[in-house]
Amino acid sequence: MKHFFIMIAEAFRAARSLQRKGFLLKAQRDGLRVGQGTKFVGSHEFGTEPFLITIGSDCLITDGVRFITHDGAIQVPLIAKGEAFERIYGHKSTFKRITIENNVFIGVSTIIMPGTTLRNNTIVAAGSVVGGTFPENIVIAGNPAKIICTLDQYYEKNRNRVVQPPRSRDERMKFIQTLHDDSIG
Ligand SMILES: CC(C)(COP(=O)(O)OP(=O)(O)OC[C@H]1O[C@@H](n2cnc3c(N)ncnc32)[C@H](O)[C@@H]1OP(=O)(O)O)[C@@H](O)C(=O)NCCC(=O)NCCS
């Protein structure tokens, strides 16, 4: 019975993976531009204007990252001033591009707001809400995301803890369990 449930879980995982691939291909068909070597892990939301999003090369976009290119909040002052044609959200919006340059890592569940530009060699912390334009070679975090250190500072702090586990799931689990506490923390 246990094996049956594990098989079901594996089947759902495979189906979800295909579904995510489909969503990404659809966004690309709708104009999302993605450079060479960029990887997407898990599921993502590219919104209704993927053609306003450019992602460069060698980026890693982790699970649950959401790109937002429009803002229906403008409807509130329009209704307040009697300038809305219809009292329905979504009919009027403002729009801005999102540009992610090369070698950018975006941590899990981050929201990238309209008008964001992230330059080369940027790390975005998990759960950040990112808006505006940032310089190159930095780590940013928080809501709203702010620079927390330079890329060099982050590297110096973490370089001795880097390990490379095997790719297969089981081997990977075994490998990580054998690591010394210094690497895990
Ligand atoms: C941003 C990040 C790279 C920083 O790594 P680090 O420098 O080793 O992290 P530290 O824990 O030493 O934190 C450094 C500072 O940043 C802050 N910080 C770290 N992660 C943060 C986050 N997600 N949001 C807000 N602040 C964060 C810490 O509170 C700390 O602040 P302090 O100096 O005032 O105490 C890491 O925390 C992170 O978010 N990585 C992404 C993880 C992820 O999404 N993995 C997905 C699978 S690959």
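Assorted remarks:
- When the residues of the stretch 154-169 are filtered to those that are more than 8 Å from the ligand (Cβ to nearest atom) and at pLDDT 95 or above, the one that is surrounded by the most Cβ atoms within 10 Å (Cβ to Cβ) is 155.
- Condition met for residue 110 (modelled with pLDDT of 95 or more and β-branched (Val, Ile, Thr)): yes
- Here 29, 66, 20 are screened, and the one residue that is charged (D, E, K, R), out of contact with any His (no Cβ under 8 Å at 6 or more places or on another chain) and at negative phi is 29.
- If you filter the stretch 1-60 down to residues that are part of a helix (DSSP H, G or I) and among the charged types (D, E, K, R), you find that the one that is farthest from residue 100 (Cα to Cα) is 2.
- Within the stretch 128-157, residues that are over 24 Å from residue 64 (Cβ atoms) sit with their Cβ atoms under 9 Å from residues that are near the ligand (Cβ under 10 Å from one of its atoms) and part of a strand (DSSP E or B), at 6+ positions apart or across chains, in these pairs: 150/139; 153/139; 157/149.
- Where residue 154 falls short, out of the listed (1) under 22 Å from residue 41 (Cα atoms); (2) aromatic (Phe, Trp, Tyr); (3) part of a helix (DSSP H, G or I): (1)
- Candidates 52, 25, 18, filtered to the one that is within 17 Å of residue 118 (Cα to Cα) and more than 16 Å from the ligand (Cβ to nearest atom): 52
- Residue 119 being in contact with a Phe, Trp or Tyr (Cβ under 7 Å, 6 or more places away or on another chain) and among the charged types (D, E, K, R): yes
- Yes/no for residue 34 being touching a Leu at 6+ places or on another chain (Cβ under 9 Å), surrounded by 15 or more Cβ atoms within 10 Å (Cβ to Cβ) and among the β-branched types (Val, Ile, Thr): yes
- Looking across the stretch 111-131 at every residue that is in contact with a strand residue (DSSP E or B) (Cβ under 7 Å, 6 or more places away or on another chain) and part of a loop (DSSP other than H, G, I, E, B), the one that is farthest from the ligand (Cβ to nearest atom) is identified as 114.
- Condition check for residue 144: exposed (fewer than 14 other Cβ atoms within 10 Å of the Cβ), assigned to a loop (DSSP other than H, G, I, E, B) and at pLDDT 95 or above: yes
- The stretch 100-110 - residue that is crowded, with 19+ Cβ neighbours inside 10 Å and part of a strand (DSSP E or B) and, of those, nearest to the ligand (Cβ to nearest atom): 106
The values are calculated or read from the model by the stated rules, or taken from the named source; none is laboratory data. From a predicted model like this one, the values you see are computed outputs, not experimental measurements. Ideal geometry is used to build each Cβ from the backbone, glycine not excepted, and the neighbour counts take in all protein chains shown.
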